[in-house]
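The values are calculated or read from the model by the stated rules, or taken from the named source; none is laboratory data. On a predicted model such as this, the values are computed, not experimentally measured, just so you know. Methodologically, a virtual Cβ is constructed for each residue, glycine included, from the backbone with ideal geometry; neighbour enumeration extends over all protein chains shown.
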């Protein structure tokens, strides 16, 4: 029996999420599939963290359909030090700026 996309994402999350100090959360975008968001919540729970406190969603501005790359970069520049992993949809056209922002913040960018 092969590994499913959900299994692979779950394994990657477990490998990357190493909470220390203030860096205890996982961040995701609204386009992340529900099964991946549930896996992130489970990983947090296994580390004794509450989903409501440590699973952040970078929502689009009111009235906007999607979260822009600039909004993600802003969030990471301001709050990224609190997160180990950022989960984004794999369909983002250009992830160069997102990768740089995640790297500056010290968290892993995972495209799902």
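Yes/no matrix, rows are residues, columns are (1) under 18 Å from residue 101 (Cβ atoms); (2) modelled with pLDDT under 90; (3) buried (at least 17 other Cβ atoms within 10 Å of the Cβ):
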{"position": "10", "(1), (2), (3)": "no, yes, yes"}
{"position": "17", "(1), (2), (3)": "no, yes, yes"}
{"position": "29", "(1), (2), (3)": "yes, no, yes"}
{"position": "62", "(1), (2), (3)": "no, no, no"}
{"position": "71", "(1), (2), (3)": "yes, no, no"}
Query - Those residues of the stretch 44-58 which are surrounded by 13 or more Cβ atoms within 10 Å (Cβ to Cβ) and farther than 11 Å from residue 87 by Cβ, in sequence order - result: 44, 45, 47, 49, 51, 54
Query raised in the report: Take the residues of the stretch 89-112 that are touching a helix residue (DSSP H, G or I) at 6+ places or on another chain (Cβ under 7 Å) and touching a residue at least 60 places away in the same chain (Cβ under 8 Å): which is farthest from residue 54 (Cα to Cα)?
Result: 112
